[in-house]
Amino acid sequence: MVGGSGRGKIFFCFLMLVFLLCPCPQAFSDIYRYKDDNGVWHFTNVKSDKRYRLYIRTPREKSSAYIKKYEGIIEQASSRFGVASSLIKAVIKAESDFDHRAVSHKGAKGLMQLMPETAGAMDVKDPYDPEENIFGGTKYLSRLLVRFKDIRMALAAYNAGPDQVEKYQGVPPIPETESFVEKVMNYYRRYNTKHP
């Protein structure tokens, strides 16, 4: 949090300069801000509530660079769990845009955005480790594909949970879930028709 005083603004600018010039990749993160009723600006790298708006978007490699980076792990997971590599890539793209440090507002972590319970059930000790996350997420997705025998229902279960899919006998009428399924299916078709 940075107050509205001149000294506070100068200090914040200094911190931002140090942050932006830091060469370590772990330091890069989007910055969000909002102004409260007292005129005080609040800054964070984790959008913890809807008042925060994107202020600084940090540069990232293109998805194709990340796909190449994780290609070997994705192919191994595909082979081990019988899930198409293009579907794994599509889920990763939709869930985290290939950012292994991604954390959702609900607490899902890593490339395939594993919730803590799911990570534990899939024997994932470190959800930020790309290999563990991809193997855990693919293992879970494989189980859902076997259970529901339908790719769209499996994706809906991946997003909203299997109980919701069982309840509605299909993709549940949850806007976030419907959007997720469409997004993954679009990426899946794209990755099926071209190589990264």
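Residues that are of a type outside the set (Gly, Ala, Ser), touching a strand residue (DSSP E or B) at 6+ places or on another chain (Cβ under 8 Å) and within 21 Å of Gln164 (Cβ to Cβ) within the range 118-152 comprise Met122, Tyr140, listed in sequence order. Name the residues in the range 90-108 that are in contact with an Asp or Glu (Cβ under 9 Å, 6 or more places away or on another chain) and at negative phi, would you? Scanning the range 90-108 gives His100, Ala102, Ser104, His105, Ala108. Does Ser86 fit the bill of being at pLDDT 95 or above, surrounded by 14 or more Cβ atoms within 10 Å (Cβ to Cβ) and over 16 Å from the mean Cα position of the chain (by Cα)? In short, yes. If only residues of the range 36-50 that are under 24 Å from Lys106 (Cα atoms) and outside any loop (DSSP other than H, G, I, E, B) are counted, the one that is modelled with the highest pLDDT is His42.
The values are calculated or read from the model by the stated rules, or taken from the named source; none is laboratory data. This one's a predicted model, so the numbers in the text were calculated from it and none came from an experiment. Every residue, glycine among them, receives a Cβ derived from its backbone with ideal geometry; neighbour counts consider all protein chains shown.
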